[in-house]
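Taken together, the values in this text are just the output of simple stated rules run on the coordinates, not laboratory data. In this text, all values refer to a predicted model and were calculated from it rather than measured experimentally. A quick note on method: Cβ atoms are made from the backbone with ideal geometry, for glycine too, and the neighbour counts reach across all protein chains shown.
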Amino acid sequence: MSLQERDKKHLWHPLKQHQTHPESLGIVKAKGCILTDENGNEYIDAISSWYTCMFGHCNDYITSRVYDQMQTLDQIMFSDFTHEPAVKLSEELIKILPKNQNRIFFNDNGSTAVEAGIKMALQYYFNIGEKRNTFIAFENGFHGDTFGAMSVSGLSVYNGPFEDYLMDIQRIPVPNGENNQAILNQLKQIVSENNVAGFIYEPLVQGAAGMKIHKAEDLDVVLKFCKENNILNIADEVMTGLGKTGTNFASDQVATKPDIICLSKALTAGLVPMAITSCTEEIYEAFLSNDIAKGFFHCHTYSANPIACRAALASIELLQSKEIQENIAYISNAHKTFLEEIKNHPKVTSTRCKGVILAIDLKTNANRYGTLRDKLLKLFMKDGVFLRPLGNTIYIQPPYVITKEQLDKVYSTIEKVLDTL
Ligand SMILES: *Cc1c(COP(=O)(O)O)cnc(C)c1O
């Protein structure tokens with residue numbers, strides 16, 4: 001029996017209505033940018049398997065570093081012990097993170113990185129004797145699927161059953177230059193009526209919203225206001241971190257630096273799950289006390305797993321290599337050229353790109369998981385390209401190691417599929 005058939009017996013997939021979508025494609029191999037299914041078909045992974053495998057699947061350098069680590073130290077509690085991969089990773093991350101970051105806290109996925117960031121902000125104020133219980137977040141932000149992360153996420157179409165149990169959040173629109181003053185007025189109102197602990201945002205590119213891009217100077221208007229009002233800025237760089245927007249972190253392009261940063265996805269290059277919540281020394285110091293309860297009692301069993309730390313170290317090393325930096329620049333420029341070509345296509349309403357992220361909005365009212373979206377996905381797969389449209393948005397986020405030929409094939413497949421619509 002095929003994987004696809006055996007799968008149906010016991011498995012429950014994420015983000016899936018099994019009644020209408022019973023099939024899951026069996027993938028048997030992934031190398032570089034190519035996925036191979038159980039029937040031997042090959043696909044270019046044009047979205048880096050949810051923005052993780054930026055150095056290509058099963059990258060030889062990363063897997064060899066991880067293999068070596070597996071022979072020496074696999075897992076150890078991070079509550080009372082420490083180890084070289086974690087220490088080294090903290091040193092390497094602090095070198096490249098925005099200058100105000102000085103502490104690294106480990107988690108195991110993007111949602112829990114956000115969860116820890118939210119708890120850090122709340123407890124920071126608790127520890128210094130201020131009761132603050134609200135967060136500000138963007139209307140269509142996405143920050144994960146655990147309760148805190150779900151609460152701050154504005155994309156709540158699928159959160160219906162949980163809405164009564166979520167935290168109270170104050171939502172603001174994404175600034176676009178024209179609405180900046182209106183947002184500032186709204187922020188003043190929010191601050192006068194609430195005790196706000198933090199503002200959480202996806203800097204420059206909102207991933208799940210459909211790769212929506214905003215300008216650094218507009219975002220900075222909000223960040224500056226929050227800073228001046230002692231609201232902790234929490235940058236959710238789970239998607240944007242590690243080179244996606246053309247700089248190591250999207251926050252590098254924004255004048256006001258965040259107090260807390262969440263990282264995951266590309267951090268471990270898609271090899272193993274891990275996440276990080278970093279913060280300033282000032283936040284960390286508010287947790288130092290002779291009172292044990294002022295410590296941060298948040299822990300995941302696999303915190304700072306040595307193998308995951310080793311994968312992260314290898315990806316940070318690769319990210320900083322001349323080759324990868326050149327590839328990122330190449331992809332960014334290729335995206336711009338392609339968008340010039342495609343933007344006047346009759347099926348296209350708008351286009352945008354930032355770093356290696358490219359998005360095209362189509363002239364249709366496709367539902368997020370509707371039939372057009374399914375049709376598009378099938379057409380792309382038939383042509384050997386794995387793309388996963390979000391509603392009526394087609395986006396690319398290719399591995400940095402994608403070849404010119406592979407990237408051109410992704411572009412031409414998009415063009416071809418648009419022509420058939
Ligand atoms: C994917 C994502 C998350 C959630 O990460 P998981 O590892 O899926 O829990 C949070 N924030 C952003 C911006 C993301 O893109």
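Based on the alpha carbon coordinates of the chain, what radius of gyration and maximum Cα-Cα distance (Dmax) apply, in Å?
Gyration radius and largest Cα-Cα distance of the chain: 21.5, 68 Å.
Using the Cβ atoms and a cut-off under 12 Å, what net charge is assigned to the surroundings of L362, where Lys and Arg are +1 and Asp and Glu are -1? Mind showing how you got there, number by number?
Working: positive: K347, K363, R373, K375; negative: D361.
Taking every Cβ under 12 Å from that of L362, the sum is +3.
How high is the FRET efficiency from Y158 to W50, r the C-beta distance, R0 22 Å, rounded to 0.05?
Values: r = 17 Å, r/R0 = 0.77.
Once the sixth-power term is evaluated, E becomes 0.85.
What is the Rg over Rh value, at two decimals, for the stretch 279-369, using alpha-carbon atoms and the Kirkwood definition of Rh?
1.23
Suppose the chain between I169 and Y330 were pulled fully straight at 0.36 nm per residue; how much longer would it get relative to their current alpha carbon spacing?
On the way: separation 161, 0.36 × 161 = 57.96 nm, distance 4.00 nm.
Gain in length upon complete extension: 54.0 nm.
So what does the Cα-only Debye profile of the stretch 73-320 read at q = 0.07 Å⁻¹, as log10 I(q)/I(0), no solvent term?
Log-scaled intensity ratios, in q order: -0.22.
Ranking request for peptides 274-287, 95-108, 19-32: highest mean number of other beta-carbon atoms within 10 Å first, then the rest in descending order. Kindly include the intermediate steps, with their values, before the conclusion.
Values: 274-287: 20.6, 95-108: 18.4, 19-32: 13.1.
Descending mean neighbour count gives 274-287, 95-108, 19-32.
For the cross-link pairs K212/K404; K29/K382; K8/K212; K31/K244; K322/K354, which exceed 23 Å when the distance is taken from alpha carbon to alpha carbon?
Numbers: K212/K404 25 Å; K29/K382 18 Å; K8/K212 35 Å; K31/K244 20 Å; K322/K354 20 Å.
The pairs that break the limit, which is 23 Å between Cα atoms, are K212/K404; K8/K212.
Counting DSSP beta bridges with both partners in the chain, what percentage is antiparallel, nearest 5? If you can, show how the numbers build up before the last one.
Details: 30 of 47 bridges.
Given both bridge residues lie in the chain, the antiparallel proportion sits at roughly 65 percent.
Put a dot 7 Å past each Cα toward the Cβ at S350 and K88; how far apart are the dots in nm?
Those two pseudo-labels are separated by 4.5 nm.
For the stretch 81-194, what does the convex hull of the Cα positions come to per residue, in cubic angstrom?
Each residue corresponds to 161 Å³ of Cα convex hull volume.
Can you work out ³J(HN,Hα) from phi for every residue in the stretch 288-299, in order, using Karplus 6.51 cos²θ - 1.76 cosθ + 1.60 and θ = phi - 60°, giving whole Hz and x for Gly and Pro?
Along the stretch 288-299, the couplings run 8, 5, 6, 7, 4, 5, 7, x, 9, 8, 10, 8 Hz.
Which angle between 0 and 90 degrees, to the nearest 10, do you get for helix 84-96 versus the longest principal axis of the chain when only C-alpha atoms count?
90 degrees
Quick check: residue separation of V272 and L288 times 0.36 nm, minus the Cα distance between them. What number comes out in nm?
Details: separation 16, 0.36 × 16 = 5.76 nm, distance 3.18 nm.
Extra length from V272 to L288 when fully extended: 2.6 nm.
Would you please give the FRET efficiency between Q19 and I128, computed as 1/(1 + (r/R0)^6) with r the Cβ-Cβ distance and R0 = 45 Å, to the nearest 0.05? Provide the component values of the computation, followed by the final result.
Details: r = 50 Å, r/R0 = 1.12.
Efficiency, rounded to the nearest 0.05: 0.35.
Based on DSSP H runs of at least 4 residues, each adding -39500 (n - 2.57), what is the mean residue ellipticity at 222 nm of the chain after dividing by all its residues, to the nearest 500 deg cm²/dmol?
Details: 13 runs with 158 residues, N = 421.
Calculated from helices alone, the mean residue ellipticity at 222 nm is -11500 deg cm²/dmol.
Just to confirm the number: angle between the C-alpha axis of helix 404-420 and the first principal axis of the chain, 0 to 90 degrees, nearest 10?
Relative to the chain, helix 404-420 is tipped by roughly 70 degrees.
Report the relative contact order of the stretch 1-114, percent, no decimals, based on alpha-carbon pairs under 8 angstrom and at least 6 residues apart. Could the numbers behind the result be given before it?
On the way: 66 pairs, mean separation 15.0, N = 114.
Relative contact order comes out at 13 percent.
Please sort 324-331, 6-13 by packing, taking for each peptide the average over its residues of neighbouring beta carbons within 10 angstrom, highest first. If you can, show how the numbers build up before the last one.
Details: 324-331: 17.5, 6-13: 9.9.
Order by mean packing, descending: 324-331, 6-13.
What order, most packed first, do the peptides 341-349, 380-388, 198-206, 142-150 have when packing is the mean number of other Cβ atoms within 10 Å of each residue?
Details: 341-349: 13.4, 380-388: 18.9, 198-206: 26.6, 142-150: 21.3.
Per-residue Cβ counts within 10 Å, averaged per peptide and sorted highest first, yield 198-206, 142-150, 380-388, 341-349.
In whole angstrom, how far apart do the alpha carbon centroids of the stretch 251-312 and the stretch 106-142 sit?
About 12 Å separates the Cα centre of the stretch 251-312 from the one of the stretch 106-142.
Given Cα pairs under 8 Å that are at least 6 residues apart, what percent is the relative contact order of the chain?
22 percent
Output the 0 to 90 degree angle, nearest 10, between the alpha-carbon long axis of helix 180-193 and the longest principal axis computed from the alpha carbons of the chain.
Helix 180-193 and the main axis of the chain meet at about 40 degrees.
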